[in-house]
Amino acid sequence: HRGELNDMEFTSSGRYIVSIGRTGALAVWDPTVPDKWMRRMVDEERRSEKLVAMAIIPKRSIAIVGGEGPELNVWDYDKGTLLHRLPHKHGKVRSIDVSPKGDRMMTGGDIGWNMWTISPNLEFVDNG
């Protein structure tokens, strides 16, 4: 990223870092070569949106990201593919956390929070 970096996490293996920033991109880095990203992903429909929150599903190459818009993006960061766009009914996404088992997710926004169930085949159910 160039400029503002808003969130980052190590992958479950600890081999890579996944980060998001003001440019609307998700980047994968090798921490031994911090000045160059390995893969960069952008949702073209949300290119100008500032991303502020991210979580990684444990033991999977899946990152959930959100920001200024009312959606969450679910990315397979190994393949560089956008898997889902999930509606976030509580305004701008401000925080995301996934349970250690990877079967539940909490998202917080400007006007409330959502609890989600994540199935083994990556179906996301909004439980309110």
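The values are calculated or read from the model by the stated rules, or taken from the named source; none is laboratory data. The structure presented is a predicted model; accordingly, all values stated were derived computationally and were not measured. FYI the Cβ positions are ideal-geometry reconstructions off the backbone, even for glycines, and counts take in every protein chain you see. Just so you know, the surface numbers come from the protein's heavy atoms only, side chains and all, with ligands and any DNA or RNA stripped out. Shrake-Rupley method; radii C 1.70, N 1.55, O 1.52, S 1.80 Å.
Please give the solvent-accessible surface of THR117 in Å², to the nearest 10, using a probe radius of 1.4 Å with every protein chain present.
Counting only protein heavy atoms, the figure is 60 Å².
What order do TRP37, TRP113, TRP29 take when sorted by accessible area (1.4 Å probe), most exposed first?
Final ranking, largest accessible area leading: TRP113, TRP37, TRP29.
Can you give the extra length, in nm with one decimal, that the chain gains between GLU9 and LYS59 once fully stretched, where that is 0.36 nm per residue apart less the Cα-Cα distance?
Full extension of this stretch gives 16.7 nm more.
If you bin every alpha carbon distance in the chain into 5 Å steps from zero, what whole percent lands in each bin?
Whole-percent P(r) values from 0 Å outward: 2, 12, 23, 25, 21, 11, 4, 1, 0.
Given a 10 angstrom Cα cut-off, can you work out which residue in ILE56, ILE64, ILE17 is the most mobile in a GNM of the chain?
ILE17
When the dipole is taken about the Cα centre of the chain, and only Lys, Arg (+1) and Asp, Glu (-1) are charged at their Cβ, what size is it in debye, to the nearest 20?
Dipole size: approximately 180 debye.
Whenever you get a sec, compute what percent of the accessible area on the chain sits on carbon and sulfur atoms (1.4 Å probe).
Answer for the chain: carbon and sulfur cover 52 percent of the accessible area.
Provide the solvent-accessible area of PHE10, counting protein heavy atoms only and rolling a 1.4 Å probe, rounded to the nearest 10 Å².
Number for this one is 120 Å².
Where does the charge balance sit around VAL28 when Lys and Arg score +1, Asp and Glu -1, over other residues with C-beta under 12 Å from its C-beta?
+1
Roll a 1.4 Å probe over the protein heavy atoms and report the accessible area of HIS90 in Å², nearest 10.
40 Å²
Under a 10 Å cutoff between Cα atoms, tell me which one of LEU83, LEU26, LEU72 has the largest fluctuation in the Gaussian network model of the chain.
Answer for the Gaussian network model of the chain: LEU83.
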